[in-house]
1. Do you know the relative contact order of the chain, to the nearest whole percent, from alpha carbon pairs under 8 angstrom that are 6+ apart?
2. In the stretch 5-76, how many lysine pairs have Cα atoms under 20 Å apart, counting only pairs 8 or more places apart or on different chains?
3. Which value results when the Cα radius of gyration for the stretch 5-76 is divided by 2.2 N^0.38 Å?
4. Could you pull out every residue, at least 5 positions away or on a different chain, whose amide H is within less than 5 Å of the one on V74? Hs are placed 1.01 Å off N in the peptide plane, and Pro or chain starts have none.
5. Can you work out ³J(HN,Hα) from phi for every residue in the stretch 65-73, in order, using Karplus 6.51 cos²θ - 1.76 cosθ + 1.60 and θ = phi - 60°, giving whole Hz and x for Gly and Pro?
6. Only counting other Cβ atoms within 10 Å, I'd like T33, T48 sorted with the fewest neighbours first.
7. At Q72 and T18, where each label point lies 7 Å from the Cα along Cα→Cβ, what is the point-to-point distance in nanometres?
8. Roughly how far apart, in whole Å, are the Cα centres of the stretch 7-45 and the stretch 56-78?
Amino acid sequence: MTNYEIGKQIGNRKAVTTNGDPVGQVYDIEIETSGKLAALVIIPDVNTKVTFPKDDKGRFVIPYSMVNAIGQYVVIKA
């Protein structure tokens, strides 16, 4: 049986940069076939000034390697 605890832990959390700038809200996660977390899909905040690669629906797709910390907020390396 597969354990999906990471998705429950970070789903719907706000994402900010290491500088404290708003990024948006975690919408989904992408997982590799090996089970490793590959990327976060984030709905951009309307006031965000940061730019990251986007999917065809305008959501940020941020590689997990850019995640600095996960706590009350998901902190993305700026």
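Read-outs throughout are calculated quantities, based only on the coordinates presented, and are distinct from any laboratory measurement. Just so you know, these numbers come straight off a predicted model, no measurement behind them. Note that we place each Cβ from the backbone using ideal geometry, even for glycine, and neighbour counts take in every protein chain shown.
1. Computed value for the chain: 29 percent relative contact order.
2. 5
3. 1.01
4. K14, A15, V16
5. Per-residue couplings from phi come out as 5, 8, 7, 8, 7, 10, x, 4, 10 Hz.
6. T33, T48
7. 2.1 nm
8. 5 Å
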